[in-house]
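J.: Take this structure first; my questions come after.
None of the figures in this text is laboratory data; all of them are computed from the coordinates on show. Since the model is a prediction, treat every value here as computed from it, not as a measurement. FYI the Cβ positions are ideal-geometry reconstructions off the backbone, even for glycines, and counts take in every protein chain you see.
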Ligand code: RB5
């Protein structure tokens, strides 16, 4: 599976750790920056880059990291077709896939233990959407997007 990944400076360290962890497990990751943790950058730039890649179908899923995971989630969710879920613990990651068919995972590099973040990302990537009653709800989210 091809995964687009990005972060701002506050998420840089965790992004690097997640890339190492996930590539070890056979995932193919493409890094959309930022490329160092020393320069302060604007998280919407990286959220938009990753979200557009997922939205246009180049990548099946994306992972975004900022300080809390909130800013990148808000920004990514502005892009058509994106369902970005901020999951700072494992159960949220599982449910965001099973029920919400989240296509971008966001994590807070400053608020989550980095070992836990590895579990969150691994579980999120290996959990399937349940479909069934959730399909109509996802369609309603898309309808909101179209009518906005
Ligand atoms: C950067 O200082 C911080 O605001 C950002 O990483 C993120 O937490 C925003 O939601």
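J.: Which whole-number percent gives the relative contact order of segment 1-93, counting Cα pairs below 8 Å spaced six or more residues apart? List each step's numbers first, then the result.
T.: Details: 161 pairs, mean separation 30.6, N = 93.
Reported as a whole number, the value is 33 percent.
J.: Relative to the longest principal axis of the chain, what angle (0 to 90°, nearest 10) does the C-alpha long axis of helix 114-126 take?
T.: 30
J.: Enter the Cα centre distance for the pair segment 79-111 and segment 1-75, rounded to the nearest angstrom.
T.: If you average the Cα positions of each part, the centres end up 13 Å apart.
J.: While we're looking at this one, here's another question. Going by how many other beta carbons lie within 10 Å of each one, how would you line up 147, 40, 55, 7, fewest first? Don't skip to the end; give the middle numbers.
T.: Details: 147 6, 40 9, 55 18, 7 33.
In order of increasing Cβ crowding within 10 Å: 147, 40, 55, 7.
J.: Just the projected area, averaged over all directions, of the convex hull on the alpha carbon atoms of segment 2-143: how many nm²?
T.: Numbers: hull surface 29.8 nm².
Spelled out: convex hull of the Cα atoms, projected over all directions, averaged, 7.5 nm².
J.: Only counting other Cβ atoms within 10 Å, I'd like 12, 46 sorted with the fewest neighbours first.
T.: Working: 12 23, 46 28.
By the 10 Å Cβ count, ascending: 12, 46.
J.: Next question, about the same structure. Per 0.36 nm of contour for each residue apart, how much would the distance between residue 25 and residue 127 grow if the chain were fully extended, relative to their Cα-Cα spacing? All intermediate terms of the calculation are to be shown ahead of the outcome.
T.: Working: separation 102, 0.36 × 102 = 36.72 nm, distance 1.49 nm.
In short, 35.2 nm is gained.
J.: Now, a different point. Taking Cα atoms, how many degrees apart are the long axis of helix 12-24 and the longest axis of the chain, rounded to 10 and kept between 0 and 90?
T.: 70
J.: For a footprinting-style exposure proxy, rank 87, 66 by other Cβ within 10 Å, fewest first. Working shown, then result.
T.: Numbers: 87 26, 66 31.
Taking fewest neighbouring Cβ atoms as first place, the list is 87, 66.
J.: Moving on. For segment 76-132, take the convex hull of the Cα atoms, compute a quarter of its surface area, and give me that in nm², please. Intermediate results must be reported in sequence, preceding the final value.
T.: Details: hull surface 15.6 nm².
Value for segment 76-132: 3.9 nm².
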